Amino acid sequence: MTARLDLGTAPICDFDGTMARLDVGWADLRVRFGVRSIEELWLGERDDDWSIVTEAEITAAADAQPVEEVMDALARAERYAVLTNNDEGAVGCFLERFDKHAAKAVVIVGRRTLGGSKRDVDRFATGFRLCCTALQLPACDAAVYVGDGAYELEFAGALGARAVSAPLIATSPDDEERL
Ligand SMILES: [Mg+2]
């Protein structure tokens, strides 16, 4: 038997690849937008394209497969925050499916709140602090962060948080595209 995932009482959690696995056709969207990475959309005035991405994410969230270990750990927490590069609406759509979770999510900091990618270290820190405040944590170093991307675990660790790898860590470029 493997040990239960321990995220403490008030963790901060990434969404895609961590809480759920969204089946979004990223390759088709990249071709459609003429970009090598969806993150490139931040470089221009691409609001219409972001709307298309959001629609695809919300559709995927409606029947996305949950990552059971993480969802179980969040169910044991008192409250939690979500810090994600996905649209807030996709997280909301996913959480609606899980009664005991929706009320515990005190804040969802997604790309609309961030106004850019959390792969930017300063933007990550800003979003992280919003989560800590909503969770009523005294400081960032009291936080636990769980995510599937190496970059976010590094950023959270640099802020003094305990960084926990999601059970299914991103291993392929398409996993990394998970926002
Ligand atoms: Mg992720």
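Only the coordinates and a few stated rules stand behind these numbers; no lab work does. Predicted, not measured: the structure shown is a model, and the values here were computed from it. Neighbour counts are summed over all protein chains in view; Cβ atoms, including those assigned to glycine, are modelled from backbone coordinates with ideal geometry.
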Worksheet item: On full extension of the chain, what length is gained from Glu40 through Glu78, given 0.36 nm per residue of separation minus the C-alpha to C-alpha distance?
Response: 10.0 nm
Response to the item:
Working note, the range 1-81: Cα radius of gyration (Å, one decimal) and Dmax (Å, whole number) are 16.1, 50
Discussion item. Could you sort the peptides 29-39, 10-20 by per-residue average Cβ neighbour count (10 Å cutoff), highest mean leading?
Written reply: 10-20, 29-39
Fill in: Antiparallel content of DSSP bridges confined to the chain, in %, to 5
15
Worksheet item: Once amide H atoms are built 1.01 Å from N in the peptide plane, which residues 5 or more positions from Ala20, or in another chain, come under 5 Å H to H?
Response: Val67
Worksheet item: Given a cut-off of under 8 Å on Cα pairs at least six residues apart, what relative contact order in percent is computed for the range 36-154?
Response: 22
Fill in: Equivalent-ellipsoid semi-axes of the range 59-165, from the Cα gyration tensor, Å, largest first
21, 16, 13
Item to complete: With only Lys, Arg, Asp and Glu charged, each at its Cβ (+1 for the first two, -1 for the last two), find how big the charge dipole of the range 1-128 is about the Cα centre; round to the nearest 20 debye.
Response: 340
Item to complete: Under a 10 Å cutoff between Cα atoms, tell me which one of Glu68, Glu45, Glu55 has the largest fluctuation in the Gaussian network model of the chain.
Response: Glu45
Worksheet item: Given the Cα-Cα distance of Thr113 and Glu69 and 0.36 nm per residue of separation, how much length would full extension add, in nm?
Response: 13.1 nm
Item to complete: Find how much the distance from Val121 to Asp99 grows on full extension, using 0.36 nm per residue of separation minus their present alpha carbon separation; answer in nm with one decimal.
Response: 4.6 nm
Response to the item:
Dividing the helical contributions, -39500 (n - 2.57) per DSSP H run of n ≥ 4, by the residues of the chain yields a 222 nm value, nearest 500 deg cm²/dmol, of -12000 deg cm²/dmol
Fill in: Kyte-Doolittle mean at least 0.5, axial Cα span of 18 Å or more - DSSP H helices of the chain
121-134
Practice prompt. Could you order peptides 143-154, 122-133 by the average number of other Cβ atoms within 10 Å of their residues, highest first?
Written response: 143-154, 122-133
